[in-house]
1. Consider only pairs whose beta carbons are under 8 Å apart and that are at least six residues apart or on different chains; among these, list those whose first residue lies in the range 387-399 and is over 25 Å from I182 (Cβ atoms) and open to solvent by 50 Å² or more (accessible area, probe 1.4 Å) and whose second residue is of a type in the set (A, V, I, L, M, F, W, C) and in a strand (DSSP E or B).
2. Name, by its number, the condition in (1) within 21 Å of the chain's Cα centre (by Cα); (2) surrounded by fewer than 22 Cβ atoms within 10 Å (Cβ to Cβ) that does not hold for V5.
3. Limited to the range 325-338, what total is found for residues that are surrounded by fewer than 23 Cβ atoms within 10 Å (Cβ to Cβ) and either within 15 Å of A406 (Cβ to Cβ) or among the hydrophobic types (A, V, I, L, M, F, W, C) (or both)?
4. Mind listing just one residue for me: the one in the range 185-222 that is more than 12 Å from the chain's Cα centre (by Cα) and aromatic (F, W, Y) and, of those, nearest to Q269 (Cα to Cα)?
5. Considering only residues of the range 45-78 that are open to solvent by 70 Å² or more (accessible area, probe 1.4 Å) and of a type in the set (V, I, T), which is nearest to G98 (Cα to Cα)?
6. Do any residues in the range 336-360 that are under 21 Å from P69 (Cα atoms) have Cβ atoms under 7 Å from those of residues that are of a type in the set (S, T, Y) and open to solvent by 30 Å² or more (accessible area, probe 1.4 Å), where the two are at least six apart or on different chains, and which pairs are they?
7. Among (1) without any contact (Cβ under 8 Å) to a residue 12 or more places away in the chain; (2) surrounded by 23 or more Cβ atoms within 10 Å (Cβ to Cβ), there is one condition V272 misses while meeting the rest; what is its number?
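The values are calculated or read from the model by the stated rules, or taken from the named source; none is laboratory data. These numbers come from a predicted model, not from an experiment. Because the Cβ atoms are built from the backbone with ideal geometry, glycine has one as well, and the counts that use them run over all protein chains shown. We work out accessible area using only protein heavy atoms, side chains counted, and drop any ligands, DNA or RNA first. Shrake-Rupley method; radii C 1.70, N 1.55, O 1.52, S 1.80 Å.
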Amino acid sequence: MGMTVSQKILAKAAGLDSVKAGQLIEAKLNLCLANDITGPVAVREFVKSGCKEVCKDTRVVLVMDHFVPNKDIKSAQQCKMCRDFARDQGIEDFYDVGRMGIEHALLPEQGMVGPGDCIIGADSHTCTYGAVGAFSTGVGSTDLAAGMISGKAWFKVPAAMKFVLTGKPGKYICGKDVILHIIGLIGVDGALYKSMEFTGDGVQYLGMDDRFTICNMAIEAGAKNGIFPVDDICREYLAGRYKGSIDVYEADPDAEYEAVYEIKLDELQPTVSFPHLPENAKTPDQWGDIEIQQVVIGSCTNGRISDLRIAADILKGRHVAKDVRTIVIPATNTIYMQAVHEGLVDIFIEAGAVVSTPTCGPCLGGYMGILAEGERAVSTTNRNFVGRMGHTSSEIYLASPYVAAASAVAGRLATPDEI
(Lines give C-alpha, C1' and ligand atoms only; values in the text may rest on other atoms or scores of the structure.)
Protein backbone atom coordinates (compact mmCIF):
# COMPACT_ATOMS: atom_id res chain seq x y z
CA MET A 1 0.00 0.00 0.00
CA GLY A 2 1.26 3.46 -0.91
CA MET A 3 1.76 6.39 1.44
CA THR A 4 0.15 9.80 1.82
CA VAL A 5 2.21 13.01 1.89
CA SER A 6 2.24 13.13 5.70
CA GLN A 7 3.22 9.48 5.95
CA LYS A 8 6.16 10.03 3.60
CA ILE A 9 7.43 12.93 5.70
CA LEU A 10 7.13 10.85 8.86
CA ALA A 11 8.90 7.92 7.23
CA LYS A 12 11.81 10.18 6.33
CA ALA A 13 11.92 11.64 9.85
CA ALA A 14 11.92 8.13 11.34
CA GLY A 15 14.62 6.87 8.97
CA LEU A 16 12.28 4.24 7.54
CA ASP A 17 11.48 3.23 3.97
CA SER A 18 7.76 3.28 4.69
CA VAL A 19 5.20 3.66 7.46
CA LYS A 20 1.52 2.84 7.72
CA ALA A 21 -1.43 4.26 9.64
CA GLY A 22 -1.41 3.26 13.29
CA GLN A 23 2.31 2.47 13.38
CA LEU A 24 4.31 3.87 16.32
CA ILE A 25 7.49 5.64 15.28
CA GLU A 26 10.23 7.80 16.77
CA ALA A 27 10.82 10.75 14.44
CA LYS A 28 13.63 13.28 14.26
CA LEU A 29 12.35 16.82 14.66
CA ASN A 30 13.32 19.87 12.64
CA LEU A 31 11.77 22.36 15.06
CA CYS A 32 10.26 22.59 18.55
CA LEU A 33 8.03 25.55 19.43
CA ALA A 34 6.57 26.94 22.66
CA ASN A 35 4.94 30.19 23.76
CA ASP A 36 4.57 32.17 26.97
CA ILE A 37 1.81 29.90 28.30
CA THR A 38 3.16 26.48 27.35
CA GLY A 39 6.86 27.36 27.47
CA PRO A 40 7.17 27.67 31.27
CA VAL A 41 5.65 24.20 31.76
CA ALA A 42 8.12 22.75 29.27
CA VAL A 43 11.00 24.59 30.95
CA ARG A 44 10.07 23.16 34.36
CA GLU A 45 9.95 19.64 32.89
CA PHE A 46 13.27 20.25 31.15
CA VAL A 47 14.87 21.26 34.47
CA LYS A 48 13.31 18.29 36.30
CA SER A 49 14.87 15.92 33.78
CA GLY A 50 18.35 17.01 34.80
CA CYS A 51 19.28 17.84 31.22
CA LYS A 52 21.75 20.71 30.91
CA GLU A 53 21.26 21.86 27.34
CA VAL A 54 18.74 21.70 24.52
CA CYS A 55 19.40 19.43 21.56
CA LYS A 56 21.68 21.22 19.13
CA ASP A 57 20.36 19.38 16.08
CA THR A 58 16.80 20.67 16.46
CA ARG A 59 15.73 24.29 16.20
CA VAL A 60 14.07 25.55 19.39
CA VAL A 61 11.78 28.57 19.06
CA LEU A 62 10.15 30.47 21.92
CA VAL A 63 7.54 33.09 21.04
CA MET A 64 6.02 35.40 23.63
CA ASP A 65 2.61 36.18 22.13
CA HIS A 66 -0.38 35.22 24.28
CA PHE A 67 -0.08 37.82 27.05
CA VAL A 68 2.55 40.12 25.55
CA PRO A 69 3.05 42.94 26.40
CA ASN A 70 2.45 41.40 29.81
CA LYS A 71 -1.02 42.08 31.21
CA ASP A 72 -0.34 41.23 34.86
CA ILE A 73 2.25 39.92 37.31
CA LYS A 74 1.58 36.26 36.51
CA SER A 75 2.07 36.74 32.78
CA ALA A 76 5.21 38.77 33.46
CA GLN A 77 6.60 35.91 35.54
CA GLN A 78 5.75 33.41 32.79
CA CYS A 79 7.67 35.44 30.23
CA LYS A 80 10.58 36.02 32.57
CA MET A 81 11.01 32.27 32.96
CA CYS A 82 11.14 31.88 29.17
CA ARG A 83 13.51 34.84 28.79
CA ASP A 84 15.89 33.41 31.40
CA PHE A 85 15.78 29.96 29.81
CA ALA A 86 16.44 31.36 26.33
CA ARG A 87 19.39 33.39 27.61
CA ASP A 88 20.86 30.49 29.60
CA GLN A 89 20.49 28.06 26.69
CA GLY A 90 21.66 30.51 24.04
CA ILE A 91 18.40 30.16 22.11
CA GLU A 92 18.56 32.69 19.30
CA ASP A 93 15.00 32.17 18.11
CA PHE A 94 13.41 33.98 21.04
CA TYR A 95 10.70 36.51 20.16
CA ASP A 96 9.43 39.13 22.57
CA VAL A 97 8.26 42.75 22.71
CA GLY A 98 9.85 44.70 19.84
CA ARG A 99 10.74 41.50 17.97
CA MET A 100 7.44 39.80 18.04
CA GLY A 101 4.43 38.32 16.35
CA ILE A 102 1.77 35.68 16.82
CA GLU A 103 3.73 32.44 16.60
CA HIS A 104 1.89 30.73 13.73
CA ALA A 105 2.13 33.81 11.53
CA LEU A 106 5.67 34.63 12.63
CA LEU A 107 7.42 31.33 11.91
CA PRO A 108 6.40 31.04 8.24
CA GLU A 109 7.04 34.75 7.71
CA GLN A 110 10.57 34.38 9.09
CA GLY A 111 11.30 31.30 6.99
CA MET A 112 11.64 28.90 9.91
CA VAL A 113 9.32 26.21 8.50
CA GLY A 114 9.25 24.55 5.11
CA PRO A 115 8.40 21.53 2.96
CA GLY A 116 9.21 18.12 4.39
CA ASP A 117 9.91 19.44 7.89
CA CYS A 118 8.71 17.52 10.94
CA ILE A 119 7.58 20.01 13.56
CA ILE A 120 5.99 19.95 17.01
CA GLY A 121 4.70 22.89 18.98
CA ALA A 122 3.16 23.20 22.41
CA ASP A 123 0.12 24.89 20.90
CA SER A 124 -2.73 23.13 19.15
CA HIS A 125 -2.63 25.40 16.09
CA THR A 126 0.90 24.34 15.19
CA CYS A 127 -0.82 22.46 12.35
CA THR A 128 -0.73 25.81 10.48
CA TYR A 129 2.62 24.95 8.86
CA GLY A 130 1.08 22.25 6.70
CA ALA A 131 0.37 25.14 4.34
CA VAL A 132 4.06 25.04 3.33
CA GLY A 133 4.14 21.26 3.02
CA ALA A 134 5.42 20.43 6.51
CA PHE A 135 4.16 17.74 8.87
CA SER A 136 3.37 19.94 11.82
CA THR A 137 1.29 19.20 14.89
CA GLY A 138 0.54 20.36 18.40
CA VAL A 139 1.72 18.48 21.48
CA GLY A 140 1.66 18.87 25.24
CA SER A 141 4.35 20.79 27.09
CA THR A 142 5.92 17.60 28.48
CA ASP A 143 6.33 16.18 24.98
CA LEU A 144 7.77 19.53 23.93
CA ALA A 145 10.33 19.31 26.74
CA ALA A 146 11.28 15.82 25.56
CA GLY A 147 11.65 17.18 22.04
CA MET A 148 13.94 19.97 23.21
CA ILE A 149 16.07 17.41 25.06
CA SER A 150 16.29 14.64 22.48
CA GLY A 151 15.35 16.30 19.19
CA LYS A 152 12.84 13.50 18.68
CA ALA A 153 9.18 12.67 19.32
CA TRP A 154 7.00 9.59 19.29
CA PHE A 155 4.07 9.54 16.88
CA LYS A 156 1.31 7.20 15.95
CA VAL A 157 1.22 7.55 12.18
CA PRO A 158 -2.15 9.12 11.32
CA ALA A 159 -4.63 7.76 8.83
CA ALA A 160 -5.69 10.31 6.22
CA MET A 161 -8.68 12.05 4.69
CA LYS A 162 -8.53 13.73 1.29
CA PHE A 163 -10.32 16.99 0.47
CA VAL A 164 -10.44 17.61 -3.26
CA LEU A 165 -10.93 21.34 -3.82
CA THR A 166 -12.46 22.18 -7.20
CA GLY A 167 -13.52 25.38 -8.94
CA LYS A 168 -12.71 29.01 -8.19
CA PRO A 169 -14.04 30.79 -5.08
CA GLY A 170 -16.56 33.55 -5.73
CA LYS A 171 -16.58 37.12 -4.50
CA TYR A 172 -16.15 37.56 -0.73
CA ILE A 173 -15.06 33.92 -0.29
CA CYS A 174 -11.68 33.11 1.28
CA GLY A 175 -9.88 30.34 3.13
CA LYS A 176 -11.90 30.91 6.31
CA ASP A 177 -15.14 30.07 4.51
CA VAL A 178 -13.54 26.92 3.10
CA ILE A 179 -12.46 25.51 6.44
CA LEU A 180 -15.63 26.54 8.29
CA HIS A 181 -17.65 24.81 5.57
CA ILE A 182 -15.53 21.66 5.92
CA ILE A 183 -15.79 21.59 9.71
CA GLY A 184 -19.53 22.12 9.40
CA LEU A 185 -19.61 19.16 7.01
CA ILE A 186 -17.58 16.64 9.02
CA GLY A 187 -17.88 17.96 12.60
CA VAL A 188 -15.37 18.87 15.28
CA ASP A 189 -14.30 15.22 15.61
CA GLY A 190 -14.73 14.31 11.96
CA ALA A 191 -10.99 14.06 11.36
CA LEU A 192 -9.95 12.87 14.82
CA TYR A 193 -6.21 12.05 14.82
CA LYS A 194 -6.17 12.02 11.05
CA SER A 195 -4.21 13.92 8.44
CA MET A 196 -6.34 16.31 6.37
CA GLU A 197 -4.79 16.40 2.89
CA PHE A 198 -5.95 19.21 0.59
CA THR A 199 -5.59 18.78 -3.15
CA GLY A 200 -7.41 19.44 -6.43
CA ASP A 201 -7.47 22.08 -9.17
CA GLY A 202 -9.06 24.59 -6.79
CA VAL A 203 -5.83 24.84 -4.77
CA GLN A 204 -4.39 27.16 -7.42
CA TYR A 205 -6.99 29.77 -6.49
CA LEU A 206 -6.02 29.80 -2.82
CA GLY A 207 -3.19 32.11 -1.80
CA MET A 208 -0.78 31.22 0.98
CA ASP A 209 -2.75 33.19 3.55
CA ASP A 210 -5.84 31.14 2.65
CA ARG A 211 -3.86 27.93 3.06
CA PHE A 212 -2.46 29.01 6.43
CA THR A 213 -6.01 29.70 7.60
CA ILE A 214 -7.27 26.31 6.44
CA CYS A 215 -4.42 24.32 8.00
CA ASN A 216 -4.62 26.42 11.17
CA MET A 217 -8.15 25.21 11.82
CA ALA A 218 -7.55 21.53 10.93
CA ILE A 219 -7.34 20.93 14.67
CA GLU A 220 -10.90 22.24 15.03
CA ALA A 221 -11.99 19.12 13.13
CA GLY A 222 -9.86 17.02 15.50
CA ALA A 223 -7.11 16.47 12.94
CA LYS A 224 -3.52 15.61 13.77
CA ASN A 225 -2.39 17.85 10.92
CA GLY A 226 -3.47 19.50 7.68
CA ILE A 227 -1.27 19.71 4.61
CA PHE A 228 -1.23 21.33 1.16
CA PRO A 229 0.86 20.45 -1.92
CA VAL A 230 4.02 22.42 -2.61
CA ASP A 231 3.14 24.21 -5.84
CA ASP A 232 4.42 27.33 -7.59
CA ILE A 233 2.46 29.59 -5.24
CA CYS A 234 4.12 27.95 -2.25
CA ARG A 235 7.56 28.05 -3.86
CA GLU A 236 7.19 31.75 -4.57
CA TYR A 237 6.28 32.36 -0.92
CA LEU A 238 9.29 30.36 0.31
CA ALA A 239 11.76 32.05 -2.05
CA GLY A 240 14.05 34.33 -0.08
CA ARG A 241 12.55 33.16 3.23
CA TYR A 242 13.18 29.48 3.80
CA LYS A 243 16.85 28.54 3.89
CA GLY A 244 16.41 24.77 4.17
CA SER A 245 16.20 22.27 1.35
CA ILE A 246 12.76 22.06 -0.25
CA ASP A 247 11.75 18.42 0.01
CA VAL A 248 8.54 17.92 -1.96
CA TYR A 249 6.42 14.84 -1.40
CA GLU A 250 3.38 13.64 -3.31
CA ALA A 251 0.92 10.98 -2.29
CA ASP A 252 1.26 7.63 -4.02
CA PRO A 253 -1.53 6.72 -6.46
CA ASP A 254 -2.52 3.84 -4.18
CA ALA A 255 -2.32 5.84 -0.93
CA GLU A 256 -5.16 4.92 1.40
CA TYR A 257 -7.70 7.50 2.58
CA GLU A 258 -10.43 6.79 5.09
CA ALA A 259 -12.68 9.30 3.35
CA VAL A 260 -12.59 11.56 0.28
CA TYR A 261 -14.63 14.76 0.02
CA GLU A 262 -15.10 17.05 -2.96
CA ILE A 263 -15.39 20.71 -1.96
CA LYS A 264 -16.76 22.87 -4.78
CA LEU A 265 -15.21 26.25 -4.07
CA ASP A 266 -17.36 28.01 -6.66
CA GLU A 267 -20.50 27.00 -4.76
CA LEU A 268 -19.41 28.20 -1.32
CA GLN A 269 -21.23 31.04 0.43
CA PRO A 270 -19.95 33.26 3.27
CA THR A 271 -19.88 30.89 6.23
CA VAL A 272 -20.04 31.70 9.94
CA SER A 273 -19.71 29.32 12.89
CA PHE A 274 -22.35 30.10 15.47
CA PRO A 275 -21.85 29.48 19.19
CA HIS A 276 -20.57 27.35 20.72
CA LEU A 277 -18.68 25.01 18.35
CA PRO A 278 -16.83 25.56 15.07
CA GLU A 279 -18.99 22.84 13.48
CA ASN A 280 -22.10 25.00 13.92
CA ALA A 281 -21.56 26.51 10.47
CA LYS A 282 -24.31 28.57 8.83
CA THR A 283 -24.72 30.53 5.60
CA PRO A 284 -26.47 33.95 5.30
CA ASP A 285 -29.92 32.45 4.72
CA GLN A 286 -29.62 30.84 8.17
CA TRP A 287 -28.20 33.77 10.13
CA GLY A 288 -31.22 35.80 11.12
CA ASP A 289 -30.81 39.15 12.90
CA ILE A 290 -27.80 38.89 15.25
CA GLU A 291 -26.91 42.15 16.98
CA ILE A 292 -23.27 42.39 18.07
CA GLN A 293 -21.15 44.46 20.45
CA GLN A 294 -17.61 43.62 19.30
CA VAL A 295 -15.58 42.63 16.25
CA VAL A 296 -12.05 41.20 16.35
CA ILE A 297 -9.97 41.03 13.17
CA GLY A 298 -6.66 39.27 13.80
CA SER A 299 -5.18 36.10 15.38
CA CYS A 300 -3.00 33.30 14.00
CA THR A 301 -5.96 32.42 11.78
CA ASN A 302 -6.71 35.72 10.05
CA GLY A 303 -4.25 38.42 11.08
CA ARG A 304 -2.09 38.39 7.95
CA ILE A 305 -1.71 41.24 5.49
CA SER A 306 -4.34 39.95 3.04
CA ASP A 307 -6.83 39.78 5.91
CA LEU A 308 -6.11 43.38 6.88
CA ARG A 309 -6.41 44.50 3.25
CA ILE A 310 -9.81 42.82 3.03
CA ALA A 311 -10.99 44.53 6.20
CA ALA A 312 -9.65 47.91 5.09
CA ASP A 313 -11.34 47.58 1.72
CA ILE A 314 -14.69 47.05 3.45
CA LEU A 315 -14.14 49.78 6.05
CA LYS A 316 -12.74 52.47 3.77
CA GLY A 317 -15.07 55.46 3.66
CA ARG A 318 -17.35 53.85 6.24
CA HIS A 319 -17.60 53.95 10.03
CA VAL A 320 -18.20 51.12 12.46
CA ALA A 321 -21.60 51.08 14.15
CA LYS A 322 -21.92 53.30 17.21
CA ASP A 323 -22.11 50.50 19.77
CA VAL A 324 -19.58 48.10 18.20
CA ARG A 325 -16.02 47.93 19.53
CA THR A 326 -13.78 46.98 16.60
CA ILE A 327 -10.29 45.67 17.35
CA VAL A 328 -7.73 45.04 14.60
CA ILE A 329 -4.62 43.04 15.48
CA PRO A 330 -1.83 42.61 12.89
CA ALA A 331 -0.28 39.19 13.45
CA THR A 332 3.37 40.30 13.34
CA ASN A 333 5.42 43.48 13.53
CA THR A 334 6.26 43.09 9.83
CA ILE A 335 2.57 42.91 8.96
CA TYR A 336 1.89 45.89 11.26
CA MET A 337 4.52 47.98 9.48
CA GLN A 338 3.21 46.94 6.08
CA ALA A 339 -0.30 47.96 7.15
CA VAL A 340 1.06 51.34 8.23
CA HIS A 341 2.92 51.90 4.97
CA GLU A 342 -0.12 50.89 2.89
CA GLY A 343 -2.36 53.29 4.80
CA LEU A 344 -4.50 50.51 6.23
CA VAL A 345 -4.03 51.68 9.80
CA ASP A 346 -5.33 55.13 8.84
CA ILE A 347 -8.43 53.50 7.37
CA PHE A 348 -9.04 51.45 10.52
CA ILE A 349 -8.68 54.39 12.89
CA GLU A 350 -10.75 56.71 10.71
CA ALA A 351 -13.46 54.05 10.67
CA GLY A 352 -13.54 54.01 14.47
CA ALA A 353 -11.51 50.87 15.08
CA VAL A 354 -8.49 50.42 17.35
CA VAL A 355 -5.24 48.79 16.24
CA SER A 356 -3.28 46.64 18.68
CA THR A 357 0.29 45.41 18.83
CA PRO A 358 0.55 41.75 17.75
CA THR A 359 -0.95 39.48 20.40
CA CYS A 360 -3.20 36.45 20.82
CA GLY A 361 -4.97 38.48 23.57
CA PRO A 362 -8.71 38.34 22.92
CA CYS A 363 -8.71 35.00 21.08
CA LEU A 364 -8.21 33.05 24.31
CA GLY A 365 -9.98 35.52 26.58
CA GLY A 366 -6.66 36.91 27.79
CA TYR A 367 -6.91 40.67 27.27
CA MET A 368 -7.36 43.32 24.55
CA GLY A 369 -11.05 42.59 24.11
CA ILE A 370 -12.76 40.53 26.81
CA LEU A 371 -16.51 40.04 26.46
CA ALA A 372 -18.95 40.89 29.25
CA GLU A 373 -22.10 39.02 30.23
CA GLY A 374 -24.45 38.47 27.30
CA GLU A 375 -22.24 40.22 24.71
CA ARG A 376 -21.73 38.92 21.20
CA ALA A 377 -18.62 39.17 19.04
CA VAL A 378 -17.90 38.44 15.40
CA SER A 379 -14.30 37.29 15.33
CA THR A 380 -11.79 36.03 12.76
CA THR A 381 -10.26 33.77 15.43
CA ASN A 382 -10.52 29.97 15.49
CA ARG A 383 -12.57 28.90 18.52
CA ASN A 384 -15.98 29.85 19.86
CA PHE A 385 -16.27 27.60 22.90
CA VAL A 386 -18.30 28.68 25.94
CA GLY A 387 -16.39 31.44 27.74
CA ARG A 388 -13.56 31.43 25.20
CA MET A 389 -13.39 35.24 24.94
CA GLY A 390 -14.81 36.21 28.29
CA HIS A 391 -18.02 35.70 30.25
CA THR A 392 -19.60 32.25 29.96
CA SER A 393 -22.84 33.80 28.69
CA SER A 394 -21.08 35.70 25.89
CA GLU A 395 -21.20 34.44 22.30
CA ILE A 396 -18.58 34.22 19.54
CA TYR A 397 -19.36 34.05 15.82
CA LEU A 398 -16.37 32.86 13.81
CA ALA A 399 -16.14 34.56 10.43
CA SER A 400 -13.92 35.71 7.59
CA PRO A 401 -12.42 39.23 7.48
CA TYR A 402 -15.08 40.12 4.88
CA VAL A 403 -17.95 39.26 7.21
CA ALA A 404 -16.22 40.64 10.31
CA ALA A 405 -15.62 44.06 8.76
CA ALA A 406 -19.11 44.22 7.24
CA SER A 407 -20.62 43.25 10.60
CA ALA A 408 -18.67 46.01 12.34
CA VAL A 409 -20.30 48.55 10.03
CA ALA A 410 -23.78 47.02 10.20
CA GLY A 411 -23.80 46.48 13.96
CA ARG A 412 -25.05 42.97 13.33
CA LEU A 413 -23.90 39.84 11.56
CA ALA A 414 -23.78 40.84 7.90
CA THR A 415 -22.13 40.25 4.52
CA PRO A 416 -20.42 43.02 2.50
CA ASP A 417 -23.40 43.03 0.13
CA GLU A 418 -25.61 44.22 3.01
CA ILE A 419 -23.77 47.43 3.83
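1. H391/L371
2. It fails just one condition, (2).
3. So the count comes out to 2.
4. The extreme case among them is Y205.
5. Step one: list which residues in the range 45-78 are open to solvent by 70 Å² or more (accessible area, probe 1.4 Å), which gives 47-48, 52-53, 56-57, 59, 71, 73-74, 77.
Within this subset, residues satisfying the condition of being of a type in the set (V, I, T) are 47, 73.
Values: V47: 28, I73: 20 Å.
Ranking the qualifying residues of the range 45-78, first place goes to I73.
6. Qualifying pairs under 7 Å: P358/Y336.
7. Only one criterion in (1) without any contact (Cβ under 8 Å) to a residue 12 or more places away in the chain; (2) surrounded by 23 or more Cβ atoms within 10 Å (Cβ to Cβ) is unmet by V272, namely (1).
The rows are residues; the columns are (1) in contact with a Ser or Thr (Cβ under 9 Å, 6 or more places away or on another chain); (2) polar (S, T, N, Q); (3) closer than 28 Å to N280 by Cα.
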position	(1), (2), (3)
T332	no, yes, no
D346	no, no, no
T357	no, yes, no
A372	yes, no, yes
